[in-house]
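Each remark here refers to the structure printed beneath this line.
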Amino acid sequence: MANTSSAKKAVRKIAHRTEINKSRRSQMRTYVRKLEEALATGDAALAQAAFSAAQPLVMRAAQKGILHKNTASRKISRLSARVKALAK
C-alpha cells in the first residue's frame, strides 16, 4: 500500500488514466468490430464508411499509447486491404 502522499497521488492518477485507457480501447474495439461485421455482410459502401470511422480511432489509440504505432499501422493496413478487396 502507498505510504507517502506522493505515492497515494500516483495511485489515484494511475487509476484515472486506466479508466480513460479502458474507455478508449473499448471504443476502438467497438468500431473495429463494426467494420468486421460490415466486411462480413459484403456491403462495400458500409465497409468503407465503417473503415473511415475506425481508422482515426485506431491511430489515436496509438498516439495515446494504448497500442504500439506499428501494431496500429498493421491493423489499419490489413483492414484497408480487406475493404479494398471487397470494393472490387
* To do: Hey, can you tell me all the residues within region 30-52 that are more than 19 Å from Ala85 (Cβ to Cβ) and surrounded by 15 or more Cβ atoms within 10 Å (Cβ to Cβ)?
  => Tyr31
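Search region 65-88 for residues being under 17 Å from the mean Cα position of the chain (by Cα) and surrounded by 14 or more Cβ atoms within 10 Å (Cβ to Cβ), and hand back the single one that is farthest from Thr18 (Cα to Cα).
Of all residues in region 65-88, those under 17 Å from the mean Cα position of the chain (by Cα) come to 65-80.
Cutting the leftovers down to surrounded by 14 or more Cβ atoms within 10 Å (Cβ to Cβ) gives us 66-67, 72-73, 75-76, 79.
Numbers: Ile66: 10, Leu67: 14, Ala72: 20, Ser73: 23, Lys75: 23, Ile76: 24, Leu79: 27 Å.
Ranking the candidates gives Leu79 first.
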* Asked: Which residue, of Ala15, Ala62, is hydrophobic (A, V, I, L, M, F, W, C) and either at pLDDT below 95 or surrounded by 13 or more Cβ atoms within 10 Å (Cβ to Cβ) (or both)?
  -> Ala62
* Structure fact -> Residues of region 65-88 being assigned to a loop (DSSP other than H, G, I, E, B) and at pLDDT below 95, in sequence order, are Lys88
* To do: Taking only region 22-54 into account, find how many residues are in contact (Cβ under 8 Å) with a residue 24 or more places away in the chain and within 10 Å of the chain's Cα centre (by Cα).
  => 7
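The values are calculated or read from the model by the stated rules, or taken from the named source; none is laboratory data. Just so it is clear, the structure is predicted and the values come from calculations on it, not from any experiment. We place every Cβ from the backbone using ideal geometry, glycine too, and count neighbours over all the protein chains shown.
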